[in-house]
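Written out below as structure tokens is the structure these notes cover.
Readers should treat all values here as calculations from the given coordinates under stated rules, not as data from a laboratory. Here the structure is a predicted model, which means the values were calculated and not measured. Note that each Cβ is placed from the backbone with ideal geometry, even for glycine, and that neighbours are counted across all protein chains shown.
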Amino acid sequence: MLDKLEEVARTALAELEPIQDEEPLQRWKVAHLGRNSTLMSVFDQMGSLSKEERPAVGRRANEVKRMLEAALTAKVTEMQEKALQKSLQAEQLDVTLPGRPARLGRLHPNTQTMREIYRIFSEMGFQIYRSREVETDEFNFGLLNIPPHHPARDMWDTFHTTTPGVLLRTHTSPGQIHVMRQNAPNPIRACLPGMCYRFEQISARKDTQFAQVEGLVIDRDVTLADLKGTLNDFYRRLFGPGVKTRFRANYFPFTEPSGEMDVECFLCGGDGCGMCSGSGWLELLGCGMVHPTVLLNGGYDPEKFSGFAFGMGPERTTILRYHIEDIRHLWTNDLRFLEQF
Ligand SMILES: [Zn+2]
């Protein structure tokens, strides 16, 4: 029986030696350590052995079993180590290769200007309020004191949709009605930015889409002086404390009185040049005191409340900031242009 154990050990170890794969290893385990292996049959036959033989055979059988188990564990470790080395070599990564530089994105110059405008108005206590770009005729015109057939409608060439009465907003002003109806009768200090659309002849100064930033303030006892003070403060924060501005009278259907605000030409300092068409001034925005009819349409009693509104073109501000000669550059998505900002 002892000889048989030695034979089992010798055979098993010899068969284990060349094994390199998982499958033959499993077969080896079943053959030499499994329930039907020769080694296990030795344990089964212990009862038939004599009392003298039993202790020696039992001890040796256990030793052989432990030896084979240890050999199996060593083999598994060896195979794992080899697999690791193989994958390390096959998937070798050369960290000395220079990497491909990742191109960093940046914000569109107009977005940069818009964010600067939001930042300043936020500091002045305005809340940013967004409203929809597809509007009804009623909100874009009617509620803003521009009834159908009013000649003022000619000021805005409109993109109409195939649904009657639905259009692409021509200005951010319909947002005024939305924000008023949401907040009436509470005071409002809102900044309404967004994209607007007009059926324009595209030129160096005009495009069919453009951003606008509208401002709306409504409270008791708001006056024209508040309008001028707020806008002068805004442009000092945007362009620097020395900036010179002026107000001119104008006409808008939704404000009364209405005006436009100019800034002294940055390029010539007021002497007159090509950029300012010789006037020494650059037009910045339209503004005015909110028309009583618009206040009423928004849910405010014009006897108790007053307010002012203004609308500026951030593209125009961007062009002035960077001396861009053609407004169309802003929306053609040419990276050679955009990468300069
Ligand atoms: Zn000038």
Residue-by-residue Karplus 3J(HN,Hα) for segment 158-171, coefficients 6.51, -1.76, 1.60, Hz, glycine and proline x: 10, 8, 9, 8, 6, 8, x, x, 10, 9, 7, 4, 8, 7
Over the chain, relative contact order from alpha-carbon pairs under 8 Å, at least 6 apart, %: 14 percent
Tensor-based shape of segment 1-87 (alpha-carbon gyration tensor, a/c under 1.5 rounded, otherwise prolate or oblate): prolate
Surface/4 of the Cα convex hull for the chain, nm²: 35.5 nm²
Rounded, prolate or oblate (a/c below 1.5 giving rounded, otherwise prolate when a/b exceeds b/c) for segment 219-272 by Cα gyration tensor: oblate
Three-way shape label, segment 103-145, alpha-carbon gyration tensor, a/c 1.5: oblate
Spin-label pair residue 200/residue 337, simplified geometry with 7 Å Cα→Cβ offset, distance in nm: 1.4 nm
Surface/4 estimate of mean projected area, convex hull on alpha-carbon atoms of segment 21-137, nm²: 22.4 nm²
When each of 4/75; 4/65; 29/75 is checked by Cα-Cα distance, pairs over 18 Å: 4/75
Top of 86, 304, 228 by mean-square fluctuation, Gaussian network on the chain, Cα under 10 Å: 86
Straight-distance crosslink candidates among lysines, where the alpha carbon sits under 23 Å from residue 206 and sequence neighbours closer than 8 are dropped: none
Spatial separation of Cα centroids for segment 287-341 and segment 1-69, in angstrom: 91 Å
Reach of residue 304 by Cα under 22 Å, taken over lysines that are not fewer than 8 positions away in the same chain: 228
Dmax and Rg, reported as Rg then Dmax, of segment 294-341 (C-alpha, Å): 18.9, 55
222 nm mean residue ellipticity, helices alone, for the chain (DSSP H n ≥ 4; -39,500 (n - 2.57); rounded to 500): -12500 deg cm²/dmol
Signed unit charges on C-beta, dipole axis of the chain, positive-most listed residue 145, 229, 247: 229
Residues in segment 253-285 reached by a label modelled at residue 223 [backbone nitrogen below 19 Å; 7 Å Cα→Cβ]: 256-259
Only Lys, Arg (+1) and Asp, Glu (-1) charged, at Cβ; segment 139-262 dipole about Cα centre in debye: 240 debye
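Out of every Cα-Cα pair in segment 144-233, what percent are more than 14 Å apart?
That fraction is 73 percent.
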Using a Förster distance of 45 Å, the FRET efficiency for residue 108-residue 301 (Cβ separation, nearest 0.05): 0.60
Gain upon complete extension [residue 209, residue 69; 0.36 nm per residue less C-alpha separation]: 42.5 nm
Rg/Rh ratio calculated on Cα atoms of segment 185-245 (Kirkwood radius): 1.09
